[in-house]
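Engineer: Mind having a look at this structure? Questions to follow.
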Amino acid sequence: MREKPSISEEALRACLQEQYNISPVTLDFLPLGLDTRAGVFRAVSEQGAPFLLKVKPIPLYEPSCLIPRYLRDQEIASVVAPLPTKKNTLWTQVGEWAVIVYPFIDGKTGWRPALNEGQWKATGAALKEIHSVSLPPGGMGSLRKEAFDPTGYGRWISEVEMYLTGPPGVGTSERALHSGWIEHQTTIRTLQSSMEVLAAVLREQSGPFVICHADLHPGNIIRGHSGDIFVIDWDDVMLAPRERDFIFVGEVGEDRQLQPHTSPFFQGYGHVNIDWVALIYYRLERVVQDMIAWAQDVFFRDDLEEETKAEAVHYFKAHLAEGGEVDVVWALAAHLPAGLLSSNKV
């Protein structure tokens, strides 16, 4: 469940008219996406043209708009980029919100139904194009660059653990996550410490940095009705080794293992020698990020409804269940050099 942001419909309509010269006939909230701090709307103009509005709290990470626009201007057709305002900016501000407008792409996203082989192959080809683009000579100063520094995650985990020293909250979801986190506390700390080990290796040696979407999963890939694919939601874009964008590619196989020589994705992307240290670091990072985000939503967000918090608890438990994402990461760790992680699964 995604909850509607607090910005008013009247403010959004005025923004579209004044900043984009779009007169919306309809404006509908879409309860989509995993980001509980953002919201998306579908608007249809008087001329019948559909648009997608994304609303995010200020401050905005500017490369999330600048990079997709830059890639689209390099004629990468699979990249969905923001539309410019009348002042030729890629976003505008309404109160405490950043408003970004995109063309509306009609199609499907998400894990169900799964991408078919042709769509995975098209995704691989598109990502190869993206990874091959160089930044402009002056670069983009605010674009994040991978530092392989997981210490921030440790601080967040410690903050959650400090919260858990108090009594469980009154809500059902708070009590459930309180007991679940304590039950799996050793595993969560092992995930974090494993990240630290791999980060130390990667700070010494990693592959070349490329423009990475950094959150490339089926929920951020639109499958058009004509068979085309479109890459959306560039909120986490950064410079990093290409393995940053490979973390969900394993979802194409029944065993959820990455298959770099046979998978449809790599048929589209082309031959690549996987840096398993980087890939497993990023899989670990995603698991830890998700767990922290769910804990933040449940324990520290008074603005979220119980249904949204219950969804966070569901995902937390699914990750730690047998055959869940944590087990998948430990299975992938078999590709690491012997002894690099002295103790994987707890």
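Engineer: Could you pull out the residue among ALA125, ALA147 that is part of a helix (DSSP H, G or I) and at pLDDT 95 or above?
Structural biologist: The unique qualifying residue is ALA125.
Engineer: Now for a different question. If I ask for residues that are at pLDDT 95 or above, open to solvent by less than 20 Å² (accessible area, probe 1.4 Å) and among the hydrophobic types (A, V, I, L, M, F, W, C), which ones from segment 8-56 would you list?
Structural biologist: Of everything in segment 8-56, those that are at pLDDT 95 or above, open to solvent by less than 20 Å² (accessible area, probe 1.4 Å) and among the hydrophobic types (A, V, I, L, M, F, W, C) turn out to be LEU12, CYS15, LEU16, ILE22, LEU27, PHE41, ALA43, LEU53, VAL55.
Engineer: Follow-up question, since we're still on this one. Any idea which residue in segment 38-54 is nearest to the chain's Cα centre (by Cα), counting only those that are aliphatic (A, V, I, L, M) and under 9 Å from VAL25 (Cβ atoms)?
Structural biologist: This residue is ALA43.
Engineer: Among the residues of segment 312-325 satisfying the criterion of being under 21 Å from ASP215 (Cα atoms) and at pLDDT below 95, which is most open to solvent (accessible area, probe 1.4 Å)?
Structural biologist: Within segment 312-325, the match that is most open to solvent (accessible area, probe 1.4 Å) is GLU325.
Engineer: Further question: Restricting segment 150-182 to residues that are in a helix (DSSP H, G or I) and among the hydroxyl-bearing types (Ser, Thr, Tyr), which is nearest to ALA312 (Cα to Cα)?
Structural biologist: Narrowing segment 150-182 to residues in a helix (DSSP H, G or I): 151-163, 172-182.
Now drop any that are not among the hydroxyl-bearing types (Ser, Thr, Tyr), which leaves 151, 153, 158, 163, 172-173, 179.
Numbers: THR151: 24, TYR153: 18, SER158: 19, TYR163: 17, THR172: 12, SER173: 8, SER179: 14 Å.
So, considering only residues that are in a helix (DSSP H, G or I) and among the hydroxyl-bearing types (Ser, Thr, Tyr), the one nearest to ALA312 (Cα to Cα) is SER173.
Engineer: Could you list, in sequence order, the residues of segment 286-337 that are under 18 Å from HIS184 (Cα atoms) and outside any helix (DSSP H, G or I)?
Structural biologist: Of everything in segment 286-337, those that are under 18 Å from HIS184 (Cα atoms) and outside any helix (DSSP H, G or I) turn out to be ALA321, GLU322, GLY323, GLY324.
Engineer: Taking only segment 57-83 into account, find how many residues are open to solvent by less than 20 Å² (accessible area, probe 1.4 Å) and either hydrophobic (A, V, I, L, M, F, W, C) or under 20 Å from GLY95 (Cβ atoms) (or both).
Structural biologist: Residues that pass the stated criteria total 9.
Engineer: Moving on. Could you give me the residue pairs with C-beta distances under 6 Å whose first residue belongs to segment 278-304 and is of a type in the set (A, V, I, L, M), whose second residue is open to solvent by 30 Å² or more (accessible area, probe 1.4 Å) wherever it lies, and which are 6+ apart or on separate chains?
Structural biologist: Once the first residue is of a type in the set (A, V, I, L, M) and sits in segment 278-304, its partners that are open to solvent by 30 Å² or more (accessible area, probe 1.4 Å) give ALA278/SER206; VAL288/TYR153; ILE292/TRP156; VAL298/GLU174.
Engineer: Give me a count of the residues in segment 70-85 that are of a type outside the set (Asp, Glu), part of a loop (DSSP other than H, G, I, E, B) and farther than 18 Å from HIS217 by Cβ.
Structural biologist: 8
Engineer: Could you count how many residues in segment 87-111 are open to solvent by less than 90 Å² (accessible area, probe 1.4 Å), at pLDDT below 95 and in a strand (DSSP E or B)?
Structural biologist: 1
Engineer: Something else: Taking the criterion of being of a type in the set (Lys, Arg) and either over 22 Å from the mean Cα position of the chain (by Cα) or assigned to a loop (DSSP other than H, G, I, E, B) (or both), would at least one residue in segment 263-285 satisfy it?
Structural biologist: Pass one, segment 263-285, residues of a type in the set (Lys, Arg): 283.
Subsequent filtering for residues that are either over 22 Å from the mean Cα position of the chain (by Cα) or assigned to a loop (DSSP other than H, G, I, E, B) (or both) retains none.
No: zero hits.
The values are calculated or read from the model by the stated rules, or taken from the named source; none is laboratory data. Computed from a predicted model, the values in this text were never measured in an experiment. Neighbour counts are summed over all protein chains in view; Cβ atoms, including those assigned to glycine, are modelled from backbone coordinates with ideal geometry. The protein model used for the area step is the full one, side chains on, heavy atoms only, and it has no ligands, DNA or RNA in it. Shrake-Rupley method; radii C 1.70, N 1.55, O 1.52, S 1.80 Å.
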